[in-house]
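Encoded as structure tokens, the structure appears first; notes follow it.
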Amino acid sequence: MYINEVCKECNLTKKAVEYYEKQRLIQPRTSENGYRIYTEQDVARLKEIAVLRKLDIGTSDIRIILESRNKTAALSKSIYLKELKLQKTAAQKKGIEALIRNYDITEATEYVRKEIDPFLTMKEKLVQSFPGNFGMHLSIHFGRFLNGTIDGPEQEEAYRNCIAYLDTLDEIEIPEDLKAYVEETFSLLKGSDMKQISDQMADAIEDMETFIEKKDEFIQTYLKMRGSDEFRQTDAYRYGQQLRKTLQKSGYERIFLSNLKILSPEYRTYTEKLNAAMRSFCENTRKRRK
């Protein structure tokens with residue numbers, strides 16, 4: 001089945017189908033003449049995706065649901081977040097109504113602390129604590145691990161430790177001759193680009209062997225480039241070294257990442273998979289050199 005037929009069958013636009021392909025939610029085969037061919041399984045999967053999207057479930061959660069053997073259990077997270085959102089919205093509405101009746105900020109502050117803060121996800125708290133680009137970058141890199149609420153004193157302490165670390169983090173000292181490079185790089189890198197990179201990294205970690213097999217030529221070229229003397233003379237290499245030095249000095253792994261693992265079981269699981277993936281990658285690299 002070709003894409004025009006799929007769009008009619010699933011009531012989707014071409015752009016939507018292509019987007020789900022880029023997100024690797026479906027992977028149709030390509031014919032010899034370059035046309036994408038969709039199977040009945042692809043069509044059924046697209047119909048499932050369409051329903052879940054209309055229920056306002058994000059693509060990262062859809063991926064988990066699609067691959068889950070127990071879809072009911074996988075959906076439990078989504079309904080939990082919906083309930084949190086409804087409770088938070090209702091509490092916010094009451095807070096606004098109270099301010100309309102009596103614009104008392106002291107009273108409103110106490111109301112927010114008791115009635116709204118408990119329903120904020122850790123991601124929302126993080127973005128509110130650090131408005132602007134810094135909060136956006138944190139959200140993109142760590143937000144998918146922080147969709148739950150703080151549960152218990154251990155997580156509360158870990159959250160406070162993370163916030164305290166981030167709030168006292170010194171700005172990265174950038175040599176004058178590197179500032180132009182950094183400003184240009186970050187002005188071109190959009191939030192959507194960063195999220196795509198993060199998602200691709202997560203996909204690779206889930207199945208490192210397949211990733212290495214598909215991207216073998218690119219990986220070998222990249223490693224050769226990274227190890228070259230020419231690369232060590234570039235602004236990108238120098239900035240990377242400066243960033244690594246600053247984070248190590250500030251206690252990034254010892255303070256922030258260790259507390260993040262306590263705060264988010266999802267992040268702890270992710271790091272375990274990342275370590276396993278890196279071991280697999282190193283083992284494959286060693287085999288190739290023999």
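What is the distance, in nm, between label points placed 7 Å from the Cα along the Cα-to-Cβ direction at Ala73 and at Tyr103?
Going from the Ala73 label point to the Tyr103 one covers 5.3 nm.
Using r as the Cβ-Cβ distance of Thr168 and Gln248, and R0 as 22 Å, what FRET efficiency do you calculate, to the nearest 0.05?
In this case the efficiency is close to 0.90.
Based on the Cβ-Cβ distance from Gln87 to Met225, what FRET efficiency comes out when R0 is 45 Å, to the nearest 0.05?
0.30
Looking at the range 75-119 from every direction and averaging, what is the projected area of its Cα convex hull in nm²?
Dividing the Cα hull surface by four gives the mean projection, 2.8 nm².
Given 37 °C and 0.692 mPa s, how large is the Stokes-Einstein diffusion coefficient of the range 41-138 in µm²/s, with Rh as the Kirkwood radius over Cα pairs?
203 µm²/s
Could you give the radius of gyration (one decimal) and Dmax (whole number) of the Cα atoms in the range 3-67, in Å?
11.5, 37
In sequence order, what are the phi-derived ³J(HN,Hα) couplings for the range 273-284 according to the Karplus relation 6.51 cos²θ - 1.76 cosθ + 1.60 with θ = phi - 60°, rounded to whole Hz, with x for glycine and proline?
Per residue, the Karplus-derived 3J(HN,Hα) values read 5, 4, 5, 5, 5, 5, 4, 5, 5, 4, 5, 5 Hz.
Quick check: pseudo-label points 7 Å beyond the Cα along Cα→Cβ at Thr269 and Tyr80, how many nm apart are they?
Result: 1.0 nm between the two label points.
Pulled fully out, how much extra length does the chain show between Ser258 and Ile37, if you take 0.36 nm times their separation in residues and subtract their Cα-Cα distance?
Contour length minus Cα-Cα distance gives 75.0 nm.
Under the 0.36 nm per residue contour assumption, what length would be gained going from the current alpha-carbon distance of Gln27 and Arg238 to full extension?
72.1 nm
Are any of the pairs Lys224/Lys245; Lys14/Lys77; Lys77/Lys261; Lys15/Lys54; Lys8/Lys54 more than 26 Å apart by Cα-Cα distance, and if so, which?
Table pairs above 26 Å Cα-Cα are Lys14/Lys77.
No value in this document is a laboratory result; all are computed from the given coordinates. Fair warning: this is a prediction, and the values are worked out from it, not measured in the lab. Note: ideal-geometry Cβ built from the backbone for every residue, glycine included; neighbour counts use all protein chains shown.
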